[in-house]
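Just below is one structure, and these are the notes that go with it.
The values are calculated or read from the model by the stated rules, or taken from the named source; none is laboratory data. Note that the structure is predicted; figures quoted are calculated from it, not measured. Neighbour counts run over all protein chains shown; Cβ positions are idealised from the backbone, glycine included. For accessibility, only protein heavy atoms count, side chains too; no ligands or nucleic acids. Shrake-Rupley method; radii C 1.70, N 1.55, O 1.52, S 1.80 Å.
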Amino acid sequence: MDAKESLPTSEARANLSDVIASVRLLRRCIYLTRRDKPQAALVPVELADAAVEAGGADPAAQILRDHIAAMQKK
C-alpha cells in the first residue's frame, strides 16, 4: 500500500462497497480526489472515533503531529 493512497471520487462511487471493505478489513486510509486534489479521506472507524474523542479533526491532527515530532526526537 502506498503511504498516501488516493482514488478519484467517481471511481470510489462506482466501487463504494469494495472501497469500504478495503478500509475496514485492510485498515487502509484512502484519500478521495477530484482533479487529482485531495477532497476527503475514508479511514477506519476507530481512527474517526479517536478524532471525535480528541475534539475533532484539527485537535486530533495536532496531537498526532506532536506525537510524531516527539518520536522523531528519540
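Residue count for the range 17-28 under the criterion of being under 11 Å from the mean Cα position of the chain (by Cα) and open to solvent by 50 Å² or more (accessible area, probe 1.4 Å): the result is 2.
Do the conditions hold for Ala14, that is, is it open to solvent by 60 Å² or more (accessible area, probe 1.4 Å) and either in contact with a Pro (Cβ under 6 Å, 6 or more places away or on another chain) or more than 17 Å from Lys4 (Cα to Cα) (or both)? When the stated conditions are applied, Ala14 passes them.
In the range 32-46, the qualifying residues are those that are over 8 Å from Pro8 (Cβ atoms) and touching a helix residue (DSSP H, G or I) at 6+ places or on another chain (Cβ under 9 Å), and the one that is least open to solvent (accessible area, probe 1.4 Å) is Pro44.
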